[in-house]
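J.: Quick one: the structure is below, and I'll ask about it shortly.
The values are calculated or read from the model by the stated rules, or taken from the named source; none is laboratory data. Since the structure is predicted, the reported quantities are computational estimates derived from the model, not experimental observations. As a convention, Cβ positions derive from the backbone with ideal geometry for all residues, glycine included, and neighbour counts pool all protein chains shown. Protein only, heavy atoms only, side chains kept; ligands, DNA and RNA dropped before computing areas. Shrake-Rupley method; radii C 1.70, N 1.55, O 1.52, S 1.80 Å.
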Amino acid sequence: MPLARDLDLYLRHVSIERGLAANTVAAYRRDLSGYVEWLGARDVAEVADVSQQQVSEYVRELGTRETPLTASSLARVLSSVRGWHRFLLEEGRLETDVAREVKPPKLPSRLPKALSVDQVTALLDAVSGDDVQALRDRALLELLYATGARVSEAVSLNVDDVFDEDIVRLRGKGNKERIVPLGRFARDALDAYLVRARPVFSVRGVATPALFVGIRGQRVSRQNAWLIIRAAAEKADLVSHVSPHTLRHSFATHLLQGGADVRVVQELLGHSSVATTQIYTMVTADTLRDMYTTAHPRAR
């Protein structure tokens, strides 16, 4: 069957020539197999016979089924379909790319969820204690909230990335570096961890430059960091409010609420565009609106 043949050709391309991960290739296979099945049910034997209207109709149908795909899932499927058509055009198997002009569904704006200052305090206090694990966990959470670092950035830190007593060097997406100051609470927590806890962990494994070390002397993984956050959230009764990005969102929101300039927050977060950072100003505006509605005698 020509459709199946062209699909196998593309999957070999993304797997072998582009070297994509097995999970990514499996996602392409899943998305495009559904597309091929849909085309076959309409007696379309060749990709060259597909029209732009049919591509649009397929995406629209996925969003109106009894169990419709979400906007983000629809965008992903369309991306897979467009990638396949583009590849076949480049290979000379198509004369036109009918999928190129099909637009993905507009994704709804999602406001990041931030904790209140009191909730952050409760989360941090949930990992208080003098044992080595508590000292490490407290240092990790204090650093995440003090710097707005992504979890992956925090666990990638080396000891030498903390310098001048109150500065940390973070490496973000694309290995882009940024310098972020540490507050007193984070600095004190890091000092306690480095002096009293890290040496205990580090002697249990091969020497490592990692800042945050696990019980076997190895660098704390992203998954372990998330488990640490989750455990603290459970102790603070905040499980439903906490995700891997919660402290980053809270960092940005609290800075803006405190009067920080959005471009300063952009630099601290490592956003390449201020438009990405401005979503946090919407969170702050919502808070102001709620306060106004509650407090002003003629607001309701």
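J.: Taking the condition surrounded by 15 or more Cβ atoms within 10 Å (Cβ to Cβ) and under 18 Å from the mean Cα position of the chain (by Cα), does His254 pass?
T.: no
J.: I'm checking my understanding of the structure. Among residues of the stretch 265-278 that are in a helix (DSSP H, G or I) and among the hydroxyl-bearing types (Ser, Thr, Tyr), which one is least open to solvent (accessible area, probe 1.4 Å)?
T.: Thr277
J.: Limited to the stretch 188-203, what total is found for residues that are open to solvent by 40 Å² or more (accessible area, probe 1.4 Å) and either within 16 Å of Gly129 (Cβ to Cβ) or not β-branched (Val, Ile, Thr) (or both)?
T.: 7
J.: Keeping to the stretch 117-158, report how many residues are among the charged types (D, E, K, R), open to solvent by 40 Å² or more (accessible area, probe 1.4 Å) and within 25 Å of the chain's Cα centre (by Cα).
T.: Here the count works out to 2.
J.: What do you reckon, is Ala4 more than 28 Å from Lys106 (Cα to Cα), open to solvent by 30 Å² or more (accessible area, probe 1.4 Å) and either outside any helix (DSSP H, G or I) or among the charged types (D, E, K, R) (or both)?
T.: no
J.: Mind counting the residues in the stretch 190-236 that are aromatic (Phe, Trp, Tyr) and touching a strand residue (DSSP E or B) at 6+ places or on another chain (Cβ under 8 Å)?
T.: The qualifying residues number 2.
J.: While we're here: Scan (1) under 26 Å from the mean Cα position of the chain (by Cα); (2) more than 21 Å from Leu269 (Cα to Cα) for the single condition Arg198 breaks and write down its number.
T.: Unmet for Arg198, out of (1) under 26 Å from the mean Cα position of the chain (by Cα); (2) more than 21 Å from Leu269 (Cα to Cα): (1).
J.: Follow-up. Considering only the stretch 66-101, state which residues are open to solvent by 20 Å² or more (accessible area, probe 1.4 Å) and closer than 19 Å to Ala27 by Cβ.
T.: Passing the criteria: Thr67, Pro68, Leu69, Thr70, Ala71, Ser72, Ser73, Ala75, Arg76, Ser79, Arg82, Arg86.
J.: Of all the helices (runs of 4 or more DSSP H) wholly in the stretch 185-264, which have at least 1 residues that are without any contact (Cβ under 8 Å) to a residue 12 or more places away in the chain?
T.: 198-202, 222-235
J.: Can you tell which of Asp130, Asp160, Asp97, Asp118 is within 16 Å of Ala189 (Cα to Cα) and either of a type outside the set (Gly, Ala, Ser) or modelled with pLDDT of 95 or more (or both)?
T.: Every option except Asp130 fails the conditions.
J.: Have a look at Ala21, Ala27 and point out the one that is over 20 Å from Asp97 (Cβ atoms) and open to solvent by 40 Å² or more (accessible area, probe 1.4 Å).
T.: Ala21
J.: Just give me the residues in the stretch 209-247 being of a type in the set (S, T, N, Q), within 14 Å of Arg136 (Cβ to Cβ) and either modelled with pLDDT under 90 or surrounded by 15 or more Cβ atoms within 10 Å (Cβ to Cβ) (or both), in sequence order.
T.: Those that are of a type in the set (S, T, N, Q), within 14 Å of Arg136 (Cβ to Cβ) and either modelled with pLDDT under 90 or surrounded by 15 or more Cβ atoms within 10 Å (Cβ to Cβ) (or both): Gln218, Asn224.
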